[in-house]
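Down below is the structure, laid out as structure tokens.
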């Protein structure tokens with residue numbers, strides 16, 4: 001299902017402060033045009049996921065890859081557009097200073113205040129994100145950093161989440177030059 005099909009709503013304008021409908025997810029590419037660190041976005045709605053009527057909570061999967069800054073930037077823009085709450089979510093790994101990564105992501109949000117952060121200490125990132133996706137109206141995560149052959153052999157967190165999440169998934173590609 002593409003973003004247009006997922007939206008299914010009409011083109012009525014919403015009042016200021018009124019939470020956005022899923023139409024905002026269909027228009028996320030237009031929203032991304034105003035975010036300088038973002039090069040592309042794609043909304044994926046798993047076939048068994050129901051698009052939300054409102055976007056009031058967003059799970060932001062924060063990793064240390066080249067799309068991390070763009071992911072946080074787009075999530076903030078989407079949250080501002082929809083008056084949503086952000087949950088910065090990271091699955092602990094041995095090769096990343098988890099708290100420092102979330103500190104940097106939080107700092108990147110600037111004055112944005114509707115945010116919580118959460119580090120999961122164990123488990124596979126894809127499984128943890130999929131499990132938590134049921135509690136949020138949307139998931140925002142960075143595009144895969146694995147090459148085509150490696151994705152075929154080992155899979156990818158992004159592909160797994162996009163296929164199995166219980167809510168729509170916004171996949172973000174960044175310019176790679178903007179550090180988180």
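Of the residues screened, residue 108 is not one that is at pLDDT below 95, over 13 Å from the mean Cα position of the chain (by Cα), under 19 Å from residue 173 (Cβ atoms) and surrounded by fewer than 23 Cβ atoms within 10 Å (Cβ to Cβ). If I ask for residues that are within 21 Å of residue 166 (Cβ to Cβ), in a helix (DSSP H, G or I) and touching a strand residue (DSSP E or B) at 6+ places or on another chain (Cβ under 7 Å), which ones from the stretch 93-135 would you list? Within the stretch 93-135, 125, 128, 129, 132, 133 qualify. Among the residues of the stretch 111-133, those identified as within 21 Å of residue 69 (Cβ to Cβ) and exposed (fewer than 12 other Cβ atoms within 10 Å of the Cβ) are 111, 113, 116.
Yes/no matrix, rows are residues, columns are (1) modelled with pLDDT of 95 or more; (2) more than 19 Å from residue 35 (Cα to Cα):
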| residue | (1), (2) |
| --- | --- |
| 89 | yes, yes |
| 94 | no, yes |
| 102 | yes, yes |
| 129 | yes, yes |
| 132 | yes, yes |
| 140 | yes, no |
| 150 | no, yes |
| 155 | no, yes |
| 158 | no, yes |
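The values are calculated or read from the model by the stated rules, or taken from the named source; none is laboratory data. Keep in mind the model is a prediction, meaning the values are calculated, not measured. Virtual Cβ from ideal backbone geometry, glycine too; neighbours counted across all protein chains shown.
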